[in-house]
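The block underneath contains the structure these notes are about, expressed in structure tokens.
The values are calculated or read from the model by the stated rules, or taken from the named source; none is laboratory data. As the structure is a computational prediction, the values presented were derived from the model and not from experiment. A quick note on method: Cβ atoms are made from the backbone with ideal geometry, for glycine too, and the neighbour counts reach across all protein chains shown.
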Amino acid sequence: MTNRPNIRFGKFNDDWEQRKLIEISDIVTGTTPPTKDKDNYGGDRLFVSPADIQGNRYVDETITTLTEKGYALGRELRAGTTLFVSIGSTIGKVAQIKESATTNQQINAVIPNVEMDDNFVFTMLENEAEKIKKLAATQAVPIINKTTFGETEIQFPKKEEQTRIGEYFSNLDSLITLHQRKCDETKELKKYMLQKMFPKNGERVPEIRFAGFTDDWEQRKLGELAEIGDIDHRMPPTVEDGIPYLMTGDFCGINELNFEGVKHVSQEDYEQLSRKIKPEKGDIIFARYASVGAVRYVDFTRDFLISYSCAIIKQSKKINSKYLYHYLTGDPAQKQIKLEINSSSQANIGIDSMKNSITVLLPSADEQTKISEFLSGLDNLITLHQRKSDELKELKKYMLKNLFPNNK
């Protein structure tokens with residue numbers, strides 16, 4: 001067993017020590033105040049259950065709260081304590097509290113002693129969570145009892161190095177949370193603006209408009225605005241090196257297509273299947289099966305095919321394609337699409353229904369451009385923050401492997 005990590009901060013060079021978790025911390029199993037006494041609940045005190053541990057490092061609010069009376073019946077945990085879910089389907093989830101709290105009995109709390117750094121202990125347990133999960137007793141409800149949990153062998157350096165490692169991962173977690181929060185907030189803003197920037201059903205003007213636009217919007221059938229079709233209904237054989245053949249399962253991100261690991265077809269099959277229609281830059285891909293109504297705007301130049309489970313809405317001079325893409329993601333269009341879905345063994349929507357039953361509300365060309373630029377800007381922000389969050393998560397995985405001895 002190695003007792004040194006691959007990467008270390010500056011001057012640190014000592015071997016890491018190995019001890020049992022119970023030897024370097026107090027382990028406290030939570031308890032639930034009597035639920036029959038309503039005076040125990042509804043106050044300002046945090047009462048943590050596994051449902052409150054949802055991926056973010058810190059628990060700063062809880063679904064259930066306690067009054068001072070209820071809190072006094074629990075086992076108080078100081079700020080900085082690490083929480084480890086030890087019973088149930090979410091066993092192995094780890095979190096940390098920034099203020100004093102109590103927990104229910106599904107959580108083992110780890111309160112480090114003076115030779116241990118709080119942030120280091122959290123990161124160490126997060127890193128060891130998968131290994132600790134395997135200690136769970138195999139029964140209907142998985143459980144790691146307090147004794148077994150406390151016997152877990154862990155490795156740690158001197159406290160000064162612990163503090164450096166703990167601070168590094170604390171800062172990294174804060175950056176991940178920041179970008180994920182900005183991503184989620186921008187998604188909520190976009191959802192709100194989609195509701196307000198397109199007229200509601202039966203209306204001809206939206207609630208929110210850019211300055212200078214006052215005219216009513218025109219209503220047209222989708223089939224009047226653009227050519228709509230799909231490729232030949234034949235599944236071609238796969239080749240090792242050829243033209244990418246995508247399906248709805250390859251939709252990803254806010255408006256992305258994933259080309260990694262996709263099926264490829266021969267040049268001959270590509271030319272035959274795309275005789276009627278093929279996806280090109282400026283077109284919209286519309287899922288007719290599976291995730292019916294999901295759309296992607298093609299903003300790149302590349303030869304590829306999209307399965308006949310999707311329709312291709314060709315770029316047209318009659319409408320700004322980027323505007324149409326955003327319109328189709330909004331509530332009015334999505335409600336129409338749901339009404340046209342065939343509820344057979346596999347939900348789908350036909351090309352004729354798309355052409356004749358889906359209507360589009362159309363402002364002037366200038367207003368279309370303004371709307372599409374604004375919403376595309378939000379999409380870019382969402383993608384930016386999500387990508388940054390994902391990159392930081394990958395960095396964290398790498399550093400967890402290398403700032404701790406790798407004995408897995």
Residue 79: passes all of (1) surrounded by 13 or more Cβ atoms within 10 Å (Cβ to Cβ); (2) among the hydrophobic types (A, V, I, L, M, F, W, C); (3) closer than 29 Å to residue 399 by Cα but (1)
In the range 156-184, residues that are closer than 19 Å to residue 12 by Cβ, touching a residue at least 60 places away in the same chain (Cβ under 8 Å) and out of contact with any helix residue (DSSP H, G or I) (no Cβ under 8 Å at 6 or more places or on another chain) total 4
(message) Yes or no: the range 133-145 includes at least one residue that is closer than 29 Å to residue 164 by Cα, in the same structural domain as residue 34 (by TED's automatic domain parsing) and surrounded by 15 or more Cβ atoms within 10 Å (Cβ to Cβ).
(response) yes
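Being over 27 Å from the mean Cα position of the chain (by Cα) and under 16 Å from residue 118 (Cα atoms) is the filter here, so list the residues in the range 74-98 that pass it.
Residues satisfying the conditions are 77, 78, 79.
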Of 384, 392, the only residue that is in contact with a helix residue (DSSP H, G or I) (Cβ under 8 Å, 6 or more places away or on another chain) and outside the structural domain of residue 227 (by TED's automatic domain parsing) is 392
In the range 156-165, anything surrounded by fewer than 21 Cβ atoms within 10 Å (Cβ to Cβ) and in a helix (DSSP H, G or I) is listed as 159, 160, 163, 164
In the set 397, 322, 370, the lone residue that is at pLDDT 95 or above and either in a loop (DSSP other than H, G, I, E, B) or in contact with a strand residue (DSSP E or B) (Cβ under 8 Å, 6 or more places away or on another chain) (or both) is 322
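Counting only residues that are over 34 Å from the mean Cα position of the chain (by Cα) and surrounded by 11 or more Cβ atoms within 10 Å (Cβ to Cβ), which one in the range 185-204 is modelled with the highest pLDDT?
204
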